[in-house]
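Below you'll find the structure, written out as structure tokens, and then a few comments.
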Amino acid sequence: MSSIRINSISVKNYRSFGEKQDFLFPNSDYKKPVAIVGYNNSGKTNFMNAIKFGLYESVREDTFGIKDFHKCEWGNYPCFALKFIADIGDEKISPNIEYTNISMLTIKNEKIISSLDYCNCYGDSRKYGKKWNIKQNAPIYYVNFHNIKDEISTQKSSWGNLKSFLGKHIERIVKTDESMHLKKETFENEIKLSSSKVIDNSQLSKFIETIEVNYSANLRNNACKVDFGLPNYEDIFLKMMFKIGLNGDNENLIPIDHFGDGFISMFVMAVIQAIAETNAEDKCLFLFEEPESFLHENHQEYFYKTVLCGLSEKGHQVIYTTHSDKMIDPFDTKGLIRLEMDDKNQTVKKYNNVGEFNYEQIDIETGEVIEYSRYNEFIKTIEPNLNRILFSKKVILVEGPNDVLVYKFAIKEKVKSFIQNKAEIIDKDKYADTYLNFENISIVCHHGKTTALYLIELCKWFKVDYFVINDWDFELNELDIQTLENINSAQELKEHTIYTSAADSTTKGMITTNWNLIHNAGIGNIHFNVKKLESVIGYDSNDKSSMAIWDLLNSGSFEVSESLFPESLVNFLGLIDK
């Protein structure tokens, strides 16, 4: 039995990583996969590379070039510190002790002159190389689904190395299977005999003999033997290939690499499952790069539930990057690491919390963030929006479909106004139309103020920047926003005259909900349309017709006023010159 598990990793100055970022992984009691999410260019692949360099890929003087240094500056040399526990048959590594791998470089005169790459399991001595031993003996599998055909190749490179996870696993089986070793000599003799029978007295045999005569002459009549046969015993199995018979056809088998990438991805699923099932005693580490790459969204969810969760439930550690909301469980807050690029153009840890969700922090009036007893509301409002929140840098929470319609229009107009004098932007209309997409900002429709409270708490928990837009539902002479802002507690609200003098329980509920929104969101993160959206945009009908509102927006006379689009929203969207 062998095992390995990563406890934490620190990364500094590696490519998009600048200032040191520390990441924790859940302990072995956690039986779910860990997802690395983030926008394009947020550093997900760099994070996976950091795990490899911190764990088993050797760091030498020639491992990195200037492109691997943060901002391509020699002073920003990469550093990795990875903590792990392992049982790999190494007398220096005790199964129950956490060890630290340290990898860093020494730079002089814009040149890498030395590397530090050691594990504290060897004490103060730096002469022991631990990476090779871990790579050879630890059950670690890295699969890059972008290069899925390479991952099923079992051929060695020109240097004699195996790069694919499948080739490495087959090589390990061949080297460690005692029953195969007992048959090795018989196998080699039978292969040699069979090959000789086929070639004997053939044109190929005469061709090889002619080569041998000429080669001996070219070597000044040096007596040499030229043989033409199969590879060595261990390499024979790496020359073999998987073949597939479709629809029960066992006669016409097709090599697996002749199929499309989606078909191969599903084959890789089966390989990964087989590795786990045939190594029942091992506790492996699986590292996956965007496993959804060539899968239909239904198969993405199948892969997540069947393969990723299946491996984790068996005690294996699974870490993967993904862009797909089908490949995560948004309720599983421990198994999520979210990366972002900050204003300094470096990767930062935006979310990584292996603790339990703290329900005590949620307002007493709203209850739990996710409450399955209100399943109908959950399906309509929470479930469609959870994943959008997780995969966004910023979120605008609006009340209904017409709010989405109006604010998408208004944001485009505001962006066009902001960039009108920016000569470097050529197609200003297209830029404005795609501004939210480019900045990774989502507009989420929550269909009700109570639901908004749920989503606000989720944004806080996952550290997603948010801005809330709701109808006030009162005229200002009936209820002033400033008045509710100045009330500090739910008890104080219930004792206030605006509450006690309310006409009925419905009005009291509306007052309470508005107070909750202000104090949960924070007054700087919320805007109210008074009395409602239709009032602010000058739409007098109560029919809430989206078509009529769209015609109003495109009438040519509509202006985006501050009562609809406050300065706080302008700042939230980044429409300010820095």
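The values are calculated or read from the model by the stated rules, or taken from the named source; none is laboratory data. Being a predicted model, the structure only gives us computed values, none of them experimental. Don't worry about glycine lacking a Cβ; one is built from the backbone with ideal geometry, like all the others, and counts go over all protein chains shown. Accessible surface is based on the protein model in full, side chains and every heavy atom, while ligands, DNA and RNA are left aside. Shrake-Rupley method; radii C 1.70, N 1.55, O 1.52, S 1.80 Å.
Normalised by the residues of segment 148-268, what does the relative contact order come to in percent, with Cα pairs under 8 Å and at least six apart?
Reported relative contact order: 28 percent.
Based on the mean of other Cβ atoms within 10 Å per residue, sort peptides 63-69, 349-355, 133-139 so the most packed one is first.
In decreasing order of mean packing, 63-69, 349-355, 133-139 become 133-139, 349-355, 63-69.
Whole angstrom only: what separates the Cα centroid of segment 398-426 from the Cα centroid of segment 159-212?
67
Do any of K414/K544; K44/K163; K52/K283; K314/K393; K92/K135; K344/K422 go past 27 Å between their Cα atoms, and which?
K314/K393
Hey, with R₀ at 30 Å, roughly what FRET efficiency would N298 and A274 work out to, going by the Cβ-Cβ distance, to 0.05?
Values: r = 23 Å, r/R0 = 0.75.
In this case the efficiency is close to 0.85.
For a label point 7 Å from the Cα of E559 along Cα→C-beta, name the residues of segment 508-543 whose backbone N is under 15 Å from it.
537-538
What does DSSP give for the chain in terms of the percent of beta bridges that are antiparallel, rounded to the nearest 5?
On the way: 34 of 66 bridges.
The antiparallel proportion sits near 50 percent.
If you average the sequence gap of Cα pairs under 8 Å that are 6 or more apart and divide by the length of the chain, what percent do you get for the contact order?
Averaging sequence separation for qualifying contacts and normalising by length gives 14 percent for the chain.
As an exercise, use a Förster radius of 51 Å and the Cβ-Cβ distance of K163 and E567 to find the FRET efficiency, rounded to the nearest 0.05.
After rounding to 0.05, the efficiency reads 0.40.
Express the accessible area of the chain per residue in Å², computed with a 1.4 Å probe while the remaining protein chains stay in the model.
Ligands and nucleic acids excluded, the figure is 53 Å² per residue.
For an R0 of 51 angstrom, estimate the FRET efficiency from the Cβ-Cβ distance between S505 and N96 and round to the nearest 0.05.
0.25
Taking 0.36 nm per residue of sequence separation and subtracting the Cα-Cα distance, how much length would be gained by fully extending the chain between I199 and D433, in nm to one decimal?
On the way: separation 234, 0.36 × 234 = 84.24 nm, distance 6.97 nm.
The span from I199 to D433 would gain 77.3 nm if fully extended.
Segment 288-318 to segment 442-513: how many Å between their Cα centroids?
Cα centroid of segment 288-318 versus Cα centroid of segment 442-513: 40 Å apart.
Out of these labelled values of volume of the Cα convex hull per residue in Å³, (i) 148; (ii) 165; (iii) 268, which was calculated from the coordinates shown here?
Comparing each candidate, only (iii) matches the computed number.
Counting pairs of alpha carbon atoms under 8 Å apart in space and at least six apart in sequence, what relative contact order in percent does segment 44-99 give?
Averaging sequence separation for qualifying contacts and normalising by length gives 24 percent for segment 44-99.
So which helices of the chain fit the span-like rule, where a helix is a whole DSSP H run, its Cα atoms reach 20 Å or more along the axis, and its mean Kyte-Doolittle is at least 0.0?
Both cut-offs are met by 261-278, 401-419.
Could you please state how large a percent of the accessible area of segment 430-578 is carbon and sulfur, counting protein chains only and using a 1.4 Å probe?
Values: 3340 of 7150 Å².
That share works out to 47 percent.
At a Cα cut-off below 30 Å, give the lysines reachable from K197, other chains included and same-chain residues fewer than 8 away excluded.
Partners found: K156, K175, K183, K184, K206, K225, K239, K243.
Starting from the Cα-Cα distance between L116 and L230, subtract it from 0.36 nm times their residue separation and give me the gain in nm to one decimal.
Details: separation 114, 0.36 × 114 = 41.04 nm, distance 4.24 nm.
Here the segment from L116 to L230 would lengthen by 36.8 nm.
Using the basic label-point model (7 angstrom from Cα toward the beta carbon), what is the D29 to K149 distance in nanometres?
According to this spin-label approximation, the distance is 4.8 nm.
Suppose each label sits 7 Å from its Cα in the direction of the beta carbon; what would the K463-I426 distance come out to in nanometres?
The modelled label-to-label distance comes out at 3.9 nm.
Could you let me know the centre-to-centre spacing of segment 1-48 and segment 54-110, using Cα atoms, in angstrom?
Segment 1-48 and segment 54-110 have Cα centres separated by 14 Å.
Compute the signed sum of charges (Lys and Arg +1, Asp and Glu -1) over the other residues within less than 13 Å, Cβ to Cβ, of Y233.
-2
Going 7 Å from the Cα of L476 along its beta-carbon direction, which residues of segment 521-541 have the amide nitrogen within less than 11 Å of the resulting point?
Residues 530-531 fall inside that zone.
For the pair S545/T176, report the inter-label distance in nm, with labels modelled 7 Å from Cα in the Cβ direction.
Once both label points are built, they end up 7.2 nm from each other.
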